[in-house]
Amino acid sequence: MRIETDMPLSSLIEKLLRGEAAEFHDEDFRTYVDSKMGNNHELLQQALNEIEDAIDNWKCSYFISVYDERVNAYRTGTTQWTSQDLDDLFVEEECLRKEDKIALTVDYLYDEIEKIGFVNEHHCDAMDMARLNNDIDFLKSQWEDLGTVANIRDLFL
């Protein structure tokens with residue numbers, strides 16, 4: 001991805017978080033930041049705040065869907081959930097979807113990872129481990145820890 005110095009920081013952050021900047025390297029980002037802010041610490045702090053806000057908004061745009069898992073547990077009798085609890089959970093998750101939040105399901109995450117490829121070899125390992133253990137929480141935490149979010153933060157430290 002070629003970065004133009006007139007590109008707004010918010011647009012760049014959005015592209016990074018969506019995985020659209022696979023060829024974008026640390027040095028490219030430093031050059032971009034230097035061209036935008038130079039040694040102005042106030043502008044750098046403002047940029048860092050903008051990045052943190054973008055990351056928080058990005059994280060808030062997803063939720064972990066547990067409805068199917070709870071339904072399966074209900075059918076096998078391995079839960080104390082009632083049918084009313086399941087109905088309430090279904091309504092709750094539907095409300096989140098109507099708010100344009102994306103349900104993180106195993107299939108969704110695997111499909112998205114396959115679309116953009118692995119950020120590095122650690123993502124491949126995390127995905128294999130998550131599939132082996134059918135543990136979407138592990139995959140989500142690894143994806144956040146190893147993904148571009150951590151790389152963006154590291155550039156400012």
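Some values worked out for this structure:
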item	result
Accessible-area ranking of T79, T31, largest first, probe 1.4 Å	T31, T79
M37, M129, ranked by accessible area, largest first (probe 1.4 Å)	M129, M37
Amide H contacts of L104 (H built 1.01 Å from N, under 5 Å, at least 5 apart or other chain)	F63, I64, S65
Which of E20, E52, E42, E27 is most accessible, then next, and so on - probe 1.4 Å	E42, E27, E20, E52
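The values are calculated or read from the model by the stated rules, or taken from the named source; none is laboratory data. All figures in this text were calculated on a predicted structure; none of them were measured in a lab. Just so you know, the surface numbers come from the protein's heavy atoms only, side chains and all, with ligands and any DNA or RNA stripped out. Shrake-Rupley method; radii C 1.70, N 1.55, O 1.52, S 1.80 Å.
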